[in-house]
Amino acid sequence: MVCVLLAGGLPTAYGQAKLETPQQTNQKIQELATFSRVRPADIPIGGGDVLHVDVFDVPELSRDVRVSDTGEISYPLIPGKIAVANLTVGELETRLQQLLVQNGLVSHPEVSVVIKEENSQPVSVVGAVNHTMIYQVTRATTLLEVLSAAGGISNDAGSVVIVTRPAPAGAAASKPVSTTVARIR
């Protein structure tokens, strides 16, 4: 989970040019809200996502599956769990085609995978925003788009945003959390 904290009342850098007002920043943020939110094929699948798998002409193998917290799915007639965490939709389609052939289930499968529910890329937005929220990232998303989803910054907001990212899944437990400080005005 990524956490975005908008801090208020922090001093500006020495010699910094005149900053825009929160209202001007909000106008820019609201303009970003009009962009479509389409999940590209390169966003990885993660725990909690719900996938719809369709095997053309084999309705018995077409179904919805939920990705476990450990990043695995169970699929009928394929032994064991299938690791899907961090795969793209295209990579999972290829992997399922291989498994269906290897297990003698379908000789030339045509598999399509659609992400029905995206639950694996949450961003928490807290601080001096109009609506604190948890935002599900569905594509490569900018900070301004996340702030827009939170209704923009509040009128008394400062000019500093703190972005905190956890260590990647599978990283050593001792790896520190990544923190970025950015100026938005």
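The values are calculated or read from the model by the stated rules, or taken from the named source; none is laboratory data. Source: prediction; values computed, not measured. Glycine gets a Cβ as well: all are built from the backbone with ideal geometry, and neighbour counts include every protein chain shown.
I'm told V125 meets every condition in (1) surrounded by fewer than 13 Cβ atoms within 10 Å (Cβ to Cβ); (2) of a type in the set (A, V, I, L, M); (3) within 29 Å of A149 (Cβ to Cβ) except one. Can you identify the failing condition by its number?
Of the numbered conditions (1) surrounded by fewer than 13 Cβ atoms within 10 Å (Cβ to Cβ); (2) of a type in the set (A, V, I, L, M); (3) within 29 Å of A149 (Cβ to Cβ), the odd one out for V125 is (1).
Go through segment 120-166 and count every residue that is out of contact with any strand residue (DSSP E or B) (no Cβ under 7 Å at 6 or more places or on another chain) and of a type in the set (S, T, N, Q).
Total satisfying the criteria: 7.
List pairs: first in segment 67-80 and in the same structural domain as N103 (by TED's automatic domain parsing) and of a type in the set (D, E, K, R), second loosely packed, with under 11 Cβ neighbours inside 10 Å and at pLDDT below 90, Cβ under 7 Å, 6+ apart or cross-chain?
none
Quick grid of which residues meet (1) at pLDDT 95 or above; (2) under 16 Å from the mean Cα position of the chain (by Cα); (3) not in a strand (DSSP E or B):
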residue: D69; (1), (2), (3): no, yes, yes
residue: P79; (1), (2), (3): no, no, no
residue: N86; (1), (2), (3): no, yes, yes
residue: G90; (1), (2), (3): no, no, yes
residue: E93; (1), (2), (3): yes, no, yes
residue: Q98; (1), (2), (3): yes, no, yes
residue: V101; (1), (2), (3): yes, no, yes
residue: I115; (1), (2), (3): no, yes, no
residue: N119; (1), (2), (3): no, yes, yes
